[in-house]
Amino acid sequence: MVNINQPSNQIKLTNVSIVRIKRQKKRFELACYKNKVLEYRSGTEKDLDEVLQIPQIFLNVSKGAVAPTADLQKAFPGKTNDEIILEILMKGELQVGEKEREAQLEKLNNEVVAIVAGRCVDPRTKRVYTASMIEKALGELREKGEKLRQQQQKDGPASEGSLTNIIPIWHGVTSSRPAKVLALDAIKALVYHQPIPITRARMKIRVLLPSNAPGVNSAAVKKCKAAVQEMFEKVEEIGGTAGEWECIGFVEPGKYKVMGDFVGTEMKGKGVVEVLDMARSHGTATGQNSRT
């Protein structure tokens, strides 16, 4: 029986995700574990050994062709092998299979739905919608968006300033955009088209800052006032007395804690952040006081 030896510069790998980058007219690739590349890029996974199937740079992973040192030095001058691996991993193009792509889109869609559900309410009851109700409403908008896209293909490109270029349309999630950006697009489309009665959730907040708090200088108070106004989505009223500054406005629910923590830190516990109207609630709206 004849033994067939595999060439020393070839390594066979299976069931991999490939990250690819082009330099100096050559293609360099990494063999990674499935679903680990995006986790590493987002910071969820920090152990490189859990991402790379092998700490080796390839010209072609499928053929097992290892990149020669001379090619690497020419394409990445002055960089070590570890530095090249990190550059390819962070900047390279991720090649994924159909099933993996579907899993990524499903995960992204769930993230978008969760963000939308957390930022929107029924304006009649001020209660949040369940994720399934939001997903159903977005599904209706996606169908409308697909019909509009097909109609545009028949009619040709829309003219500048036409309604089709102004009306927010939801086409579904795409892996090229982050979940938060997609969620904002989804909210705009939901609020405009109203497949269900929906509006963005907002809490009415009052912030009180003493003008002369012990241990807090005037520069800190000025900085705090400016930052608080920036955090408000809409400022309704600014006033107060000679000894106390007052600002009333609306914020998204997630900003309430951020604002409270900031005021508490900057004012050394002397400020007050008060909820006047709980715009997002599972029950009856109630007010809250938070003396930070």
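The values are calculated or read from the model by the stated rules, or taken from the named source; none is laboratory data. In this text the structure is predicted, and so the values were computed from the model without any measurement. Note that we place each Cβ from the backbone using ideal geometry, even for glycine, and neighbour counts take in every protein chain shown. Only protein heavy atoms, including side chains, enter the accessible area calculation; ligands, DNA and RNA are left aside. Shrake-Rupley method; radii C 1.70, N 1.55, O 1.52, S 1.80 Å.
Yes or no: segment 142-164 includes at least one residue that is surrounded by 19 or more Cβ atoms within 10 Å (Cβ to Cβ) and at pLDDT 90 or above. No, that holds for no residue. Just name the residue that is modelled with the highest pLDDT out of those in segment 165-184 that are of a type in the set (S, T, N, Q) and in a loop (DSSP other than H, G, I, E, B). So, considering only residues that are of a type in the set (S, T, N, Q) and in a loop (DSSP other than H, G, I, E, B), the one modelled with the highest pLDDT is Thr174. Filtering segment 115-131 to residues that are surrounded by fewer than 15 Cβ atoms within 10 Å (Cβ to Cβ) and assigned to a helix (DSSP H, G or I) leaves only Ala131. For the structure I just gave you, tell me whether Gly78 is among the small types (Gly, Ala, Ser), free of Cβ contacts under 8 Å to residues at least 12 places away in the same chain and either touching a Ser or Thr at 6+ places or on another chain (Cβ under 8 Å) or on the phi > 0 side of the Ramachandran plot (or both). For Gly78, the condition - among the small types (Gly, Ala, Ser), free of Cβ contacts under 8 Å to residues at least 12 places away in the same chain and either touching a Ser or Thr at 6+ places or on another chain (Cβ under 8 Å) or on the phi > 0 side of the Ramachandran plot (or both) - is met.
Counting just the residues of segment 226-240 that are open to solvent by 40 Å² or more (accessible area, probe 1.4 Å) and over 14 Å from Arg206 (Cβ atoms), which one comes out farthest from the chain's Cα centre (by Cα)? Please lay out each step first, then the result.
Pass one, segment 226-240, residues open to solvent by 40 Å² or more (accessible area, probe 1.4 Å): 226, 229-230, 233-238, 240.
Checking which are over 14 Å from Arg206 (Cβ atoms) leaves us with 226, 230, 233.
Numbers: Ala226: 26, Glu230: 21, Glu233: 19 Å.
Ranking the candidates gives Ala226 first.
Out of the residues in segment 192-225 meeting the condition of being without any contact (Cβ under 8 Å) to a residue 60 or more places away in the chain and closer than 22 Å to Arg119 by Cα, tell me which one is least open to solvent (accessible area, probe 1.4 Å). Please lay out each step first, then the result.
The initial filter retains those residues of segment 192-225 that are without any contact (Cβ under 8 Å) to a residue 60 or more places away in the chain, namely 192-195, 211-225.
Restricting the remaining residues to those that are closer than 22 Å to Arg119 by Cα gives 192-195.
Details: Tyr192: 126, His193: 62, Gln194: 79, Pro195: 39 Å².
So, considering only residues that are without any contact (Cβ under 8 Å) to a residue 60 or more places away in the chain and closer than 22 Å to Arg119 by Cα, the one least open to solvent (accessible area, probe 1.4 Å) is Pro195.
Return yes or no: is Val112 under 30 Å from Ile21 (Cα atoms) and open to solvent by less than 30 Å² (accessible area, probe 1.4 Å)? So Val112 fits the description; yes. For segment 260-277, the set of residues classified as open to solvent by 10 Å² or more (accessible area, probe 1.4 Å) and in a strand (DSSP E or B) consists of Val272, Glu274, Leu276, Asp277, listed by residue number.
Condition check ((1) touching a residue at least 60 places away in the same chain (Cβ under 8 Å); (2) β-branched (Val, Ile, Thr)) across all residues:
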| residue | (1), (2) |
| --- | --- |
| Pro68 | no, no |
| Gln73 | no, no |
| Leu89 | yes, no |
| Pro123 | yes, no |
| Val128 | yes, yes |
